[in-house]
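The values are calculated or read from the model by the stated rules, or taken from the named source; none is laboratory data. These numbers were taken from a predicted model, which means no experiment stands behind them. Every residue, glycine among them, receives a Cβ derived from its backbone with ideal geometry; neighbour counts consider all protein chains shown.
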């Protein structure tokens, strides 16, 4: 298994030189404490914890997995001790209010910390990661009493949280939720039903688990308009905040999974468990999207995490492994063959991994600033600013989640390919990265679901294409500013062309959908991938612009090779990955009939 090394140089490059996080933090009500020294201390501390505590447990945790016995779950050896260190370090409360024991730092720092943790050990990151959405939901929709009762221990990390949406008969289509919530005389509710695929739904790391549960009241309307949201603790909580008696929430089993085997995925049975309404009756889905947006950004991080880890494993192997001679002549004449890094196809795969990891990281970090703005607006009670940031992030979210997880899986597969036959062997750890990465395209909404959300809801229904026009206008302004820069001229021209194409494609699909409604679905994944490649190109161009400026001015001479590499990888992205947009463009505008003309009964393997 590759030993994780935090890419602090790239992280600092994005934070300090590309996105100017220091100036960004000064615009936030809680940004004053995020000074340069504090941020650097957090980055160094997170890197140390991830490299020395979490990374060594990644492969052993996969091999051991979680064990289930009569409703109890045991995490792999070393996880409890690592989690205790996580709690002692105050890492869970990084971006939560001081009144509940947190450090009240911007949310972006928590996301950057989560990227490091997830790359080092994604299974471990799942345990505290799910709690973040739980806490955000309680903070935004909970009563003062609920906040004071649950937040201190959640912020400390001594308690954890989950989200309980999926049921045996429904996943994404939450209108089919059947879990019942019966009111009782005490003003609480009895929750009954079964939830499946509940990450961290049962474990031995925390003394209590706070479940956020979707359920229906007796008089609820049908469909999504009749869903309410409830807090259902594993152990009831006494008025003084101490743990009380066990609530009838039991773990029926845990799943035997392809990957992230050290993360317990539970089946939870609620048998008249005591629950507490959070938010308004029948408006639980709205509140749950607070949770889901957090989770989807977190899953997008998984895409770049696995790309980064696979690259870190593949690069040293490619430098050491010798096989055949390079076509351009001997590179290691003193050896019987050349290192495989000298073969162009191996470089293609390495550069693809690097382009995905570093391009995706820049996309995530920009989205992290939007998350900061949302949280700040919510804290200040500025509804207009909150909705503006929420809409902006809402456009990014399906692209980040769908596109980055698909590319993260591609990068992980390249890691195995670079190793050749050794990549297929468990002891090297490269195949684990692929298995762990595979789930990212599925949970929190599959790629197809994200694609429909993007084109159906965000682009066509809500904005009538305006969101694409606005975003491409931003890109074109950047292109105009850099059109005369000798390093940037070709990037600006390519971006200008694909932006024009993006708008044209949007209009074509919008017009086609008037006669062929299925074209929205049939075009959706191609549209999402096209959008992702253009967006990543824009972020690579931004990195190249900063790097070229530094080289031209002579600033940062100690990082000259780093800046040169940035421009070279940007060149590779524009020459080798951005052209993929053209295949997606051609496919998405074709009529839907090739997908819809075959009757269901003709999908047969037995003629």
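Do any helices (runs of 4 or more DSSP H) entirely within region 493-607 hold 2 or more residues that are crowded, with 16+ Cβ neighbours inside 10 Å and at pLDDT 95 or above, and if so, which? Outline the logic, then answer.
Values: elements: 518-553, 560-572, 580-588, 593-596.
Passing ranges, in order: 518-553, 560-572, 580-588.
Within region 106-127, is there a residue that is over 30 Å from residue 434 (Cα atoms) and not assigned by TED's automatic domain parsing to the domain that holds residue 308?
Going residue by residue through region 106-127, those that are over 30 Å from residue 434 (Cα atoms) are 106.
Now narrow it down to the ones that are not assigned by TED's automatic domain parsing to the domain that holds residue 308: 106.
Yes.
Just to verify a result, which residue in region 471-486, among those that are in contact with a helix residue (DSSP H, G or I) (Cβ under 7 Å, 6 or more places away or on another chain) and assigned to a loop (DSSP other than H, G, I, E, B), is modelled with the highest pLDDT?
Only one residue tops the list, namely 483.
Among what's in region 233-275 and is farther than 19 Å from residue 213 by Cβ and touching a helix residue (DSSP H, G or I) at 6+ places or on another chain (Cβ under 7 Å), pick the residue that is surrounded by the fewest Cβ atoms within 10 Å (Cβ to Cβ).
Filtering first and then ranking leaves 258.
Go through (1) crowded, with 24+ Cβ neighbours inside 10 Å; (2) not in a loop (DSSP other than H, G, I, E, B) one by one and return the number of the condition residue 95 breaks.
(2)
Go through (1) out of contact with any helix residue (DSSP H, G or I) (no Cβ under 9 Å at 6 or more places or on another chain); (2) more than 26 Å from residue 436 (Cβ to Cβ) and name the single condition residue 147 misses.
Going through the list (1) out of contact with any helix residue (DSSP H, G or I) (no Cβ under 9 Å at 6 or more places or on another chain); (2) more than 26 Å from residue 436 (Cβ to Cβ), residue 147 breaks only (1).
Could you say whether any residue in region 423-436 is closer than 15 Å to residue 297 by Cα and buried (at least 21 other Cβ atoms within 10 Å of the Cβ)?
Pass one, region 423-436, residues closer than 15 Å to residue 297 by Cα: none.
Scanning region 423-436 turns up no residue that is closer than 15 Å to residue 297 by Cα and buried (at least 21 other Cβ atoms within 10 Å of the Cβ).
Look through region 112-135, keep the residues that are modelled with pLDDT under 95 and either under 14 Å from the mean Cα position of the chain (by Cα) or surrounded by fewer than 21 Cβ atoms within 10 Å (Cβ to Cβ) (or both), and return whichever of them is farthest from residue 33 (Cα to Cα).
130
Go through region 147-168 and report how many residues are farther than 22 Å from residue 90 by Cα and in contact (Cβ under 8 Å) with a residue 40 or more places away in the chain. Explain how you work it out, then say what you get.
Step one: of region 147-168, the residues farther than 22 Å from residue 90 by Cα are 163-168.
If we keep only those that are in contact (Cβ under 8 Å) with a residue 40 or more places away in the chain as well, we get 163-165.
Going through region 147-168 one residue at a time, the tally reaches 3.
Is at least one residue of region 2-17 within 21 Å of residue 96 (Cβ to Cβ) and modelled with pLDDT under 95?
No, because not a single residue in region 2-17 is within 21 Å of residue 96 (Cβ to Cβ) and modelled with pLDDT under 95.
Report yes if residue 484 is within 31 Å of the chain's Cα centre (by Cα) and assigned by TED's automatic domain parsing to the domain that holds residue 579, otherwise no.
No: the conditions fail for residue 484.
Based on what the data block shows, is residue 176 without any contact (Cβ under 8 Å) to a residue 12 or more places away in the chain, touching a helix residue (DSSP H, G or I) at 6+ places or on another chain (Cβ under 9 Å) and more than 21 Å from residue 256 (Cα to Cα)? Don't jump to the end; show me each part of the working.
On the way: without any contact (Cβ under 8 Å) to a residue 12 or more places away in the chain: yes; touching a helix residue (DSSP H, G or I) at 6+ places or on another chain (Cβ under 9 Å): yes; more than 21 Å from residue 256 (Cα to Cα): yes.
Spelling it out, residue 176 is indeed without any contact (Cβ under 8 Å) to a residue 12 or more places away in the chain, touching a helix residue (DSSP H, G or I) at 6+ places or on another chain (Cβ under 9 Å) and more than 21 Å from residue 256 (Cα to Cα).
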